[in-house]
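Notes follow the structure.
The values are calculated or read from the model by the stated rules, or taken from the named source; none is laboratory data. Note that the structure is a prediction, hence the values are computed from the model and not measured. Note that we place each Cβ from the backbone using ideal geometry, even for glycine, and neighbour counts take in every protein chain shown. Note: accessible area is taken over every heavy atom of the protein model, side chains too, but ligands, DNA and RNA are not part of it. Shrake-Rupley method; radii C 1.70, N 1.55, O 1.52, S 1.80 Å.
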Amino acid sequence: MRAPSPRRLTSLGLAGWGAAIVVTATLLSLKVISPTVAAIVIFNGAVLAAIVALLGLVEQRVGGLAESLADHARDHRARTAMLSTSIERLDADVGHARERLSKEIFTVYRQLEAMVDLRALIGARAPLPELRGWALSPDALRLIMREVFARQPQLIVECGSGSSSVWLGYAVQRLGIGRVVALEHDERFLAVTRDLLRAHGLGDVVEVRHAPLTPWDNGTGDQPWYDVRAVTDLDKIGLILVDGPPGTIDPTARYPALPVLLPKCTDDALIVLDDTVRAGESAVSERWLAEHPELRRTVHRFEKGLHAFERTPRA
């Protein structure tokens with residue numbers, strides 16, 4: 001059974017008081033009760049009506065307060081849930097940021113460590129060109145320089161020229177054997193690299209050849225690569241550094257390097273493919289491996305990725 005509303009209680013109280021007045025007046029007129037008793041009855045009826053009305057008001061206020069508290073409680077729960085979600089997201093963002101920062105710090109440390117090792121290998125005669133960015137990263141260059149000193153190749157071929165041409169020139173000059181041939185399709189970079197080599201006194205051991213990009217037929221259609229006429233005279237290549245053409249020209253622009261140059265390599269030649277963290281170079285690497293089962297690949301997880309290929313030794 002539902003309890004009467006506050007307004008209903010007030011109406012009932014006033015109606016009861018009115019009925020008490022009517023009954024008391026009737027009894028008084030019939031001289032059943034004295035005026036004193038009538039006054040007491042009417043007074044008590046008024047008090048009772050007032051109490052009932054007051055109870056109605058109190059209940060109304062209590063009901064409103066309870067509803068307000070319920071609203072505040074719902075709002076508080078909603079705000080608490082939103083705050084909890086925000087805190088969880090913030091914790092996740094902070095965790096990811098901390099992880100990224102930790103990786104970046106580790107990467108920078110590796111590059112600095114590699115750079116210290118590289119500078120210890122040579123005595124530069126001029127300011128050295130920048131690494132990273134378009135150029136090789138120090139961790140990759142350190143591996144290549146280590147292989148040059150260990151293998152002492154008679155001929156090193158670079159697909160692309162720049163900072164690495166200077167470093168490889170210093171390595172060959174220090175060894176006292178071998179030479180470097182760098183292929184460059186862009187005449188502006190060609191001039192910059194030649195100026196660098198002159199500044200470092202390496203023009204006698206590093207040759208930068210202009211090799212414009214021309215269509216190369218891979219059997220399934222033309223693909224841009226360096227003009228093959230720039231490599232017709234090369235033979236007994238001991239190390240190939242594939243760091244060009246740029247992937248912006250074609251995602252798989254570096255693919256022709258292997259089919260064109262591998263026949264010109266020594267049996268123990270090393271082929272190095274840079275930037276393998278990119279999808280294009282990674283696809284090139286997989287294709288080389290699939291098409292040349294005689295090759296074995298070593299994956300180096302450097303800053304920009306590097307894959308090294310060499311022929312499997314014959315039994």
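Points worth noting:
- Sparsely packed GluC sites (Glu not before Pro) within the stretch 218-315, loop by DSSP, other Cβ within 10 Å at most 16: 294
- Relative contact order (%) - criterion: Cα under 8 Å, at least six apart; region: the stretch 268-308: 50
- With both labels modelled 7 Å from their Cα along Cα-to-Cβ, the residue 292 to residue 85 distance reads 5.5 nm.
- For the set 145, 82, 115, solvent exposure ranked by accessible area (probe 1.4 Å, protein chains only) runs largest to smallest as 82, 115, 145.
- From most to least packed by mean Cβ count within 10 Å, the peptides 244-251, 185-192, 67-74 give 244-251, 185-192, 67-74.
- Counting protein heavy atoms only, the stretch 221-273 has 51 percent of its accessible area on carbon and sulfur, 1.4 angstrom probe.
- At R0 = 35 Å, FRET efficiency that the Cβ-Cβ distance of residue 74 and residue 282 yields, to 0.05: 0.05
- Accessible area per residue, Å², the stretch 264-315 with all protein chains present, probe 1.4 Å: 52
- Highest mean first, the peptides 126-138, 170-182, 87-99 sorted by other C-beta atoms within 10 Å per residue fall in the order 170-182, 126-138, 87-99.
- Sequence-distant contacts, meaning Cα pairs under 8 Å at least 6 residues apart, place the relative contact order of the stretch 193-274 at 25 percent.
- Accessible-area composition of the stretch 126-219, carbon plus sulfur, in percent [1.4 Å probe]: 51
- Once the Cβ-Cβ distance of residue 191 and residue 149 is raised to the sixth power relative to R0 = 25 Å, the FRET efficiency obtained is 0.25.
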